[in-house]
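Okay, so here's the structure we're looking at.
Values in this text are rule-based calculations from the coordinates and carry no lab data. Model, not experiment: these values are computed from the prediction. Note: ideal-geometry Cβ built from the backbone for every residue, glycine included; neighbour counts use all protein chains shown.
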Ligand SMILES: Cc1cc2nc3c(=O)[nH]c(=O)nc-3n(C[C@H](O)[C@H](O)[C@H](O)COP(=O)(O)OP(=O)(O)OC[C@H]3O[C@@H](n4cnc5c(N)ncnc54)[C@H](O)[C@@H]3O)c2cc1C
């Protein structure tokens, strides 16, 4: 019998889960409180997210989890053909700008390389080679992810929910009011308003990203560059740069000083980009984080599941978590090792 799965939240986690449940033969229904998916109302004129894994030095549960989602993202983006969600597989340079990273990244490249990450996926590059890749002077050696890049998450969500029943303007308060075989709380920080998840140590980390007009200097940028903040190649003459981290702020109002910070941080941390920039627009939001910084994925109680705390790597984490939950709910099977499931499980709290 087809399993009907209610998904509370139409952000990237909820949309990716709906897609995977459908792939497994289930029947997903999304309940979204806002008037559009991704909780943003109208489609934003400028919308961009980087997609890359969270790195760990060893091939541990974190690495397994993010690798699964990363390779699934690449497969899916190919399948979707890139059209319609601004996919730019421009690569990502990670500057090795301090001693800690200089010690850690060789271990990451070696241990991930032993588990299916080819040179195309992740390798070291000298400052000289990094400069050729970036299109402008890079002063330090880098780790380079040749197949990483950027997408529009708003548009990706629209693609993922093709053929899925979506109920907008639906604020759900109690899962017992919903009919179906299972319900998944995929509603970011708001999961704790449900009694099943009220005990979880979750917090919000406000952040703001900034969109700037390209200049003669910045137009040379050919790849995403992470320098503590990040910049991506211009799309329609506009770069996506970010981001601030303010766990102490509870609102998502746009702060002009955050745009100043993002632009100044870029020019100071990456001097080759120093220039005068025109602000195009800004976007602020809240990242959901668990106390131990791992996502929270798994079963909470009879027929109630959770997918949240995707932190700063929501695009990849959403896909990994969706694969895990869809397989578990629809087929009662595991898609990844029990060790990973244990680390991510809500039972750890
Ligand atoms: C400034 C900033 C920059 C970022 N940049 C990147 C990046 O470049 N790359 C990357 O991978 N990640 C990035 N992230 C992180 C990423 O945005 C998040 O991890 C991701 O959006 C989390 O998705 P989610 O679906 O779990 O939650 P959310 O996006 O919070 O979605 C939850 C949804 O649930 C809905 N909802 C809430 N309560 C209810 C309810 N009771 N009933 C019905 N609906 C409800 C909300 O309206 C919302 O639409 C960034 C985050 C911020 C803040």
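Going by alpha carbons, how many degrees (0 to 90, nearest 10) lie between the helix axis of 12-23 and the longest principal axis of the chain?
Roughly 60 degrees, rounded to the nearest 10.
Suppose the chain between residue 331 and residue 189 were pulled fully straight at 0.36 nm per residue; how much longer would it get relative to their current alpha carbon spacing?
Net length gain for the segment: 48.3 nm.
Round to the nearest 10 and give me the degree value, 0 to 90, for the angle of helix 61-80's Cα axis relative to the longest principal axis of the chain.
90 degrees
Can you list, bin by bin at 5 Å, the percent of alpha carbon pairs in region 213-325, starting at 0?
P(r) for region 213-325, in whole percents per bin: 2, 10, 17, 18, 15, 14, 10, 7, 4, 2, 1, 0.
Using alpha-carbon positions, what is the distance between the centroids of region 284-301 and region 104-181, in Å?
17 Å
So how far apart, in nm, are the two label points at residue 215 and residue 252 if each is 7 Å from Cα heading toward Cβ?
Taking the two extended label points, one gets 3.1 nm.
If I model a spin label as a point 7 Å beyond the Cα along the Cα-Cβ vector, how far apart are those points for residue 1 and residue 222 in nm?
Rounded to a tenth, the inter-label distance reads 5.8 nm.
Would you list 194, 124, 211 from fewest to most Cβ contacts within 10 Å?
If I rank by nearby Cβ atoms, fewest first, I get 124, 194, 211.
How big is D for the chain, in µm² s⁻¹ as a whole number, if Stokes-Einstein is applied with the Kirkwood radius of its Cα pairs at 10 °C and 1.306 mPa s?
This corresponds to a translational diffusion coefficient of 77 µm²/s.
Among 173, 129, which comes first, then next, by fewest other beta-carbon atoms within 10 Å?
Listed from fewest to most nearby Cβ atoms, that is 173, 129.
At residue 268 and residue 178, where each label point lies 7 Å from the Cα along Cα→Cβ, what is the point-to-point distance in nanometres?
If labels sit at residue 268 and residue 178, their model points lie 4.4 nm apart.
Of all DSSP beta bridges in the chain, what percent run antiparallel (nearest 5)?
Beta bridges within the chain, antiparallel portion: roughly 65 percent.
Any idea what angle helix 314-326 forms with the longest principal axis of the chain, computed on alpha-carbon atoms, 0 to 90 degrees, nearest 10?
For helix 314-326, the angle is close to 30 degrees.
With a 10 Å Cβ neighbour count serving as the proxy for reagent exposure, in which order, fewest first, do 349, 80, 85 appear?
Listed from fewest to most nearby Cβ atoms, that is 349, 80, 85.
Under 8 Å for C-alpha pairs, at least 6 residues apart: give me the relative contact order for region 202-290, rounded to a whole percent.
46 percent
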